[in-house]
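The values are calculated or read from the model by the stated rules, or taken from the named source; none is laboratory data. Values in this document were obtained by computation on a predicted structure and should not be read as measured data. Note that each Cβ is placed from the backbone with ideal geometry, even for glycine, and that neighbours are counted across all protein chains shown. Surface areas here come from the heavy atoms of the whole protein model, side chains and all, with no ligands, DNA or RNA. Shrake-Rupley method; radii C 1.70, N 1.55, O 1.52, S 1.80 Å.
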Amino acid sequence: MDTISSFIDSLQLLSLTPPGWGGNLLRGLLHSLQIALGGYSLGLLIGILGACGKLYAGAFVKDSLACYTTLVRAVPELILILLFYYAGTDLLNQLMLLIGRDPVDVDGLIAGIFVIGLVQGAYATEVIRGAILAVPKGQIEAARAYGFSFWQTLRRVTLPAMLPYAIPGLANLWLIATKDTALLAVVGFSELTLETKQAAGSTKHYMLFYCAAGALYLIVTIISNQLIQRIERWSRRGFADGRSI
Amino acid sequence: MITPKSFWSPHRLLLAAIGSAIIISCAVFMRWDWIPDYYEIILAGIWRTIWLLVASVVLGFALALPIGLAQAAGPKPLAILARQFCNIIRGTPLLLQLWLLYYGLGSVFSTIPEIRGSAMWPYLRQAWPYALLCLTLSFAAYEGEVMRGAFLGVPKGELEAGRAFGFSEMQLFRKIWLPRAIQRALPTLGGEVVLQLKATPLVATITMIDAYGAFSKVRQDIFLTYEPLLLLALIYMMIAGLLVVLFRYLENRTPSS
């Protein structure tokens, strides 16, 4: 009985208002989601441009992009985050100095989005490149035959047609993005994992808070999986039933 | 195959020139005089990273086989259990798991007198058992998912042929099902091991001095930001490259279907 009542007492630490730490955890979760969403969007943008560059651009762009994707995918995310974080803020301040402004304090949120986006971009480039290659050639040739320009073909045919092939890979990248935000705890950005560490450290209830944070991450994953299933079904509309890709 | 002549086309020469200019300017304009003072710590750190990688991959793969098998062919309760294990590990960040085990489990252990008095306690006070356990479980979950697909992907006809030859279920598993599944999983296994390598620096956050931890110490000692990080990135790239070459060799050695 004693352990049960002390467990219920410790559960009160999760309440949303101080002295509970629940509010801090939820604020951390919000920051994590903001960074994941922003970084993922930036990664998608880089991915689409990178895939087009790898497939259609000149040899120089192709090889530079190959260097980018290979380097980013071979170095641990933690080191990339530190490198981009310091190098990014340094470069920005040098730039500010150059145009005669005072150095700025870079907002953690923006830096996090930028860093996660650069890492995600390398993976998204490969996913989207593979998906574009899987689109039957005839569809793209048909668009050309109708006199579509390059951009029209991309917008109206290639990108929509590659979506069903890209969605499994892109969905995986979204789940990785939500988990990669935890790495920003190491550079001191107060997202969910760091908030949890602080809450656990000051109350000494380590198990409680880490399990609570794990549950929050799991909820995000489960909801994401539900949404992904819907998006996958939507992207395959028009495909013959039961056809596997 | 790319012939040497077409490989060194003008734009590649330009790229190579830019690349070597960057490397040379890094070597000349940055400070590298700290390397002789620290190379012992760095080598010990790299050794610890490789050791942790190999141990967690071997143990994790051994654990992944039953997890994959339970999901592919096990009784329902076992299959659900294995599935939930994979979902939970794959659905939460590794950093959180690591801190949960080290700070959470560690703090629970220290309140139980039986554990404090046991022969295991000197080990349980160190960081490496938690790091190894966490990385092993993570690898087992990701690889278990791969093995599930690999077990299910072995053509039914091969198993039926084995049965027709009078193999017992155990023989069938050992001589046909398992080797064929591993062969199917090998291409993804190489990628997973590289991903595992990239996960190892997280153990530095629980006070284990691996390659990343050694370089963190260098950075704190001499107040340099970029040089140690760049060298560290180069080291991880070289290890990753070696792993890719090793797995390509293994893949070429195993006969493909």
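Structure data summary
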{"read-out": "Apportionment of accessible area to carbon and sulfur, the protein assembly as shown, percent (1.4 Å)", "value": "67 percent"}
{"read-out": "Cα radius of gyration and Dmax for the protein assembly as shown (Å)", "value": "25.1, 84"}
{"read-out": "Whole-angstrom Cα spans of chain B along principal axes, big to small", "value": "70, 68, 28"}
{"read-out": "Length gained when the stretch B:Ala62-B:Ser168 is fully extended (0.36 nm per residue, less Cα-Cα span)", "value": "35.9 nm"}
{"read-out": "Protein-protein interface of segment B:215-239, residues with accessible area decrease of at least 30 Å², isolated chain reference, 1.4 Å probe", "value": "B:Arg219, B:Tyr226, B:Leu229, B:Ala233, B:Tyr236, B:Met237"}
{"read-out": "Surface accessible to a 1.4 Å probe, per residue, for the residues of chain B, Å²", "value": "55 Å²"}
{"read-out": "Chains B and A, summed buried accessible surface - 1.4 Å probe, Å², nearest 100", "value": "3200 Å²"}
{"read-out": "Calculated FRET efficiency for the pair A:Gln34/A:Arg156, C-beta based, R₀ 30 Å, to 0.05", "value": "0.40"}
{"read-out": "Over segment B:100-224: Rg over Rh, Cα atoms, Kirkwood Rh", "value": "1.18"}
{"read-out": "Per-pair calculated FRET efficiency, R0 = 56 Å: A:Leu95 and B:Lys175 via Cβ, rounded to 0.05", "value": "0.30"}
{"read-out": "Segment A:Arg144-A:Asp105, extension gain: residue separation times 0.36 nm, minus the distance between their alpha carbons", "value": "9.2 nm"}
{"read-out": "Over 31 Å (Cα to Cα) - which of A:Lys197/B:Lys217; B:Lys76/B:Lys156; A:Lys137/A:Lys179; A:Lys137/B:Lys198 fall in this group", "value": "A:Lys137/A:Lys179; A:Lys137/B:Lys198"}
{"read-out": "Among B:Val193, B:Cys134, B:Gly68 the positive-end extreme of the charge dipole of chain B (Cβ point charges)", "value": "B:Gly68"}
{"read-out": "Chain lengthening between B:Val244 and B:Leu159 when straightened (0.36 nm per residue, less Cα-Cα)", "value": "27.5 nm"}
{"read-out": "At least 40 Å² accessible surface lost relative to isolated chain, residues of segment A:63-78 (1.4 Å probe)", "value": "A:Asp63, A:Ala74, A:Val75, A:Pro76, A:Leu78"}
{"read-out": "Computed label-point distance, nm, for sites A:Leu26 and B:Leu224 using a 7 Å Cα→Cβ extension", "value": "4.8 nm"}
{"read-out": "Alpha-carbon Rg with Dmax, taken over segment A:57-153, Å", "value": "18.9, 55"}
{"read-out": "Note, ³J(HN,Hα) from phi for segment B:231-238, Karplus 6.51, -1.76, 1.60, rounded to Hz, x at Gly and Pro", "value": "5, 4, 4, 4, 5, 5, 5, 5"}
{"read-out": "Share of Cα-Cα pairs in segment A:146-245 lying beyond 23 Å, as whole percent", "value": "50 percent"}
{"read-out": "1.4 Å probe accessible area per residue over chain A, in Å²", "value": "53 Å²"}
{"read-out": "Sites B:Tyr39 and A:Leu133 - FRET efficiency at Förster radius 51 Å, r taken between beta-carbons, to 0.05", "value": "0.70"}
{"read-out": "Share of alpha-carbon pairs per 5 Å distance bin for chain A, given as whole %", "value": "1, 6, 11, 13, 14, 13, 12, 10, 8, 6, 3, 2, 1, 0, 0, 0"}
